[in-house]
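The values are calculated or read from the model by the stated rules, or taken from the named source; none is laboratory data. Fair warning: this is a prediction, and the values are worked out from it, not measured in the lab. Here Cβ is always computed from backbone atoms with ideal geometry, including for glycine, and neighbour counts include all displayed protein chains.
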Amino acid sequence: MRKNTLADISISVVSILLVITALTHIPQVSAEKPNKSSSENQTNSVVSPVEPQYVCMINNQSYDKEQIAIEIEGKTYYGCCPMCEGQLRADPSSRSAIDPVSGSKVDKATSVIGSAPDGKVYYFENQENMSQFKDDKKP
């Protein structure tokens, strides 16, 4: 039978601490209503306005805390973790989306963002398109 050495115990403790640290830094989807901007939400809309700093633009999900700001080519994008930051930097297509109302390509950094009750976000060319977004327009 092998004796546990101090080095073995230290490695185990460090491993456990690393796992705990990693788990406490995983962003959680907000159980609360998404953060709203100062503009009023239209009653016919299925999304609520959300400020970009509360959105992971890779997961396309709104969160209740501010995300990591990522400056790229003079624009600010947001990601929830270093992996999302890396993808935003490396893949230009990850920085754009399709407006579900107009079908036009939009830049996530400059678009109007709406969050559905489940936290999924949609990117719009303008406020009017977000207001027109209804259940029957959901992709």
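Couple of notes before you dig in:
- Looking across segment 24-36 at every residue that is at pLDDT 50 or above and part of a loop (DSSP other than H, G, I, E, B), the one that is farthest from VAL106 (Cα to Cα) is identified as HIS25.
- Among (1) loosely packed, with under 13 Cβ neighbours inside 10 Å; (2) touching a Pro at 6+ places or on another chain (Cβ under 8 Å); (3) modelled with pLDDT of 95 or more, the one test that SER39 misses: (3)
- So SER111, is it at pLDDT 95 or above, crowded, with 17+ Cβ neighbours inside 10 Å, within 18 Å of PHE124 (Cβ to Cβ) and of a type in the set (Ser, Thr, Tyr): yes
- Qualifying residue in segment 72-91 (condition: crowded, with 21+ Cβ neighbours inside 10 Å, hydroxyl-bearing (Ser, Thr, Tyr) and touching a Pro at 6+ places or on another chain (Cβ under 7 Å)): yes
- Verdict on GLU51 being touching a residue at least 60 places away in the same chain (Cβ under 8 Å) and of a type outside the set (A, V, I, L, M, F, W, C): yes
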